[in-house]
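The values are calculated or read from the model by the stated rules, or taken from the named source; none is laboratory data. Quick caveat: nothing in here was measured; it's all calculated off a predicted structure. Note: ideal-geometry Cβ built from the backbone for every residue, glycine included; neighbour counts use all protein chains shown.
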Amino acid sequence: MHHFHYKDGILHAEGVGLAHLAQTVGTPFYCYSEATLRRHVRVFQEAFEGADLLTAFSVKANSNISILKVLASEGAGADVVSAGELKRARLAGIDASKIVFSGVGKTRDELALGLGEGIHQFNVESENELIALNDVAISMGTTAPIAFRVNPNVAAGGHEKISTGKAEDKFGVPWSEAHRLYAKARDLPGIDVKGVDVHIGSQIASLEPFRLAFEKVADLVRNLRSDGHEISRVDLGGGLGIPYGEGDEHLPSPADYGKMIREIADPLDVQLIFEPGRMIAGNAGILVTKVIYRKQGQEGEFLIVDAAMNDLIRPALYDAFHDIQPVEERYTDDVARPMDVVGPICETGDRLAKARPLPPFEEGALVAIMSAGAYGAVQASQYNSRPLIPETLVTGSDFRIIRKRPTFEEMIALEADAPSTT
Ligand code: LLP
């Protein structure tokens, strides 16, 4: 559930009309609803009421510091995958004891940064990373709390590019290697084994792959314990799917997800760590864009808007479906007809929606691309020298610009005027 609704004929984010916001910040822009973010964290945490729980928001989904601050104030921690994300989480006031560090390619510098901060856990994804972490920890006179990310060979996820738990994927240590690696880690003086970690994919629309993977993890925990390992944490990653408005309302609720997991995990008596990203931020944000032109092509109609694949790459990269709503409610009475919604970028793939039934928007009309709060702004680029677009955060009837639109000069500021060599 989210807080984007029509009021007095205009789509609002909580108490703020999007037409007013568009006038103030210009289009295109991202708009997030603070009440929705808070609600999603609470709903997730309620699903694990009474458990020893760490909800480590997956910062890759939305790394804006103001967003992280909101989530931190709800008690969330952070799942980070780079030095930059770790620094953002700390800057947002997230305690190091609530930060887990994931990723297949953490450099020694990044490992040292995490150790220096005293983070909760490193999710180790290879034997060579284990060795590097041990070295770095010893050189710093400390020990690194770790979980191995195990690869359960379970297929899951809304698209092949966001499935991570199959044997052929680069993620995690092979299942068959787990026992050997836990035994090795136990003997390393810079390593303190704490738990087991798994993450099988993203936008997962059914509980079954989760159940399969988590039952395997529970068996592994029992086997490791009988080998004498002290396993006090299980990190079950993220991945719960959200409705994008494409007949996907049958998705499991966080409560169903929680119930299924607790049946498997409660008997283990461990700290439960999760890394939800999309489930928290996805439906808490939208992308507002303006119609530049309408165009009748040879075979179909185009709606050319001022947002493009550089602002929201999900449709181009994953064939993702995002619901599209008019900002002015009056359009919802019009007869819809199929249109391709495209941006100004010079690529055929710059298409936000294909053959989508939409009303006959006039030029200048504002259009909201829904469910854009996760993997939207964070995946933006300046392709075609289009400046990154602003992000705004609505709280009740107030809004703040939480990332401003750079000027042309700011956009090119890092480029040096290289002297000619001829
Ligand atoms: N933990 C790890 C280790 C991950 O790799 C991810 C996502 C998450 C947690 C959070 O997953 P979530 O709860 O958000 O599904 N850009 C793609 C999604 C990539 C997901 C990458 N990993 C998209 O726009 O669909």
Restricting attention to segment 373-385, the residues that are closer than 21 Å to Phe4 by Cβ and in a loop (DSSP other than H, G, I, E, B) number exactly 5
Can you work out which of the residues in segment 251-263 that are more than 19 Å from the chain's Cα centre (by Cα) and either free of Cβ contacts under 8 Å to residues at least 12 places away in the same chain or crowded, with 20+ Cβ neighbours inside 10 Å (or both) is nearest to Ala368 (Cα to Cα)? Gly258
Here, strands (runs of 3 or more DSSP E) confined to segment 278-372 with at least 3 residues that are of a type outside the set (D, E, K, R) and over 26 Å from the mean Cα position of the chain (by Cα) are 285-296, 301-305, 351-358
Quick one: what pairs do we get from segment 1-28, first residue more than 30 Å from His250 (Cα to Cα) and modelled with pLDDT of 95 or more, second among the polar types (S, T, N, Q) and assigned to a strand (DSSP E or B), C-beta under 8 Å, 6+ apart or different chains? Leu21/Thr392; Val25/Thr392; Thr27/Thr289; Pro28/Thr289
For segment 25-46: of the residues being loosely packed, with under 15 Cβ neighbours inside 10 Å and more than 23 Å from Leu352 (Cβ to Cβ), which is nearest to the chain's Cα centre (by Cα)? Arg42
Just checking, how many residues over segment 161-218 are within 16 Å of Val124 (Cα to Cα), in a helix (DSSP H, G or I) and touching a residue at least 40 places away in the same chain (Cβ under 8 Å)? 11
Return yes or no: is Asp95 within 29 Å of Val43 (Cβ to Cβ) and either within 16 Å of the ligand (Cβ to nearest atom) or crowded, with 19+ Cβ neighbours inside 10 Å (or both)? no
Check whether at least one residue in segment 386-395 is out of contact with any Pro (no Cβ under 6 Å at 6 or more places or on another chain), among the polar types (S, T, N, Q), assigned to a loop (DSSP other than H, G, I, E, B) and surrounded by 12 or more Cβ atoms within 10 Å (Cβ to Cβ), and report yes or no. no
I need a count of the residues in segment 239-259 that are more than 16 Å from the ligand (Cβ to nearest atom) and in contact with a helix residue (DSSP H, G or I) (Cβ under 8 Å, 6 or more places away or on another chain). 1
Looking for whichever is assigned to a helix (DSSP H, G or I), touching a Phe, Trp or Tyr at 6+ places or on another chain (Cβ under 8 Å) and over 26 Å from Thr142 (Cβ atoms) here; the options are Leu11, Leu21, Leu86, Leu111. Which one fits? Leu21
Pull out all pairs, ordered by first then second residue, where Cβ-Cβ is under 8 Å, the residues are six or more apart or on different chains, the first lies in segment 316-335 and is in contact (Cβ under 8 Å) with a residue 40 or more places away in the chain and within 16 Å of the ligand (Cβ to nearest atom), and the second is part of a helix (DSSP H, G or I) and not polar (S, T, N, Q). Leu317/Lys161; Tyr318/Lys161; Tyr318/Ile162; Ala320/Arg314; Phe321/Pro315; His322/Arg314; His322/Pro315
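Residue-wise test of (1) acidic (Asp, Glu); (2) within 15 Å of the ligand (Cβ to nearest atom); (3) more than 23 Å from the chain's Cα centre (by Cα); (4) within 15 Å of Ile261 (Cα to Cα).
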{"site": "Tyr182", "(1), (2), (3), (4)": "no, no, yes, no"}
{"site": "Asp192", "(1), (2), (3), (4)": "yes, no, yes, no"}
{"site": "Pro209", "(1), (2), (3), (4)": "no, yes, no, yes"}
{"site": "Ser226", "(1), (2), (3), (4)": "no, no, yes, no"}
{"site": "Glu230", "(1), (2), (3), (4)": "yes, no, yes, no"}
{"site": "Gly237", "(1), (2), (3), (4)": "no, yes, no, yes"}
Filter result for the condition that a residue is in contact with a Phe, Trp or Tyr (Cβ under 8 Å, 6 or more places away or on another chain) and among the charged types (D, E, K, R), over Glu362, Glu329: Glu329
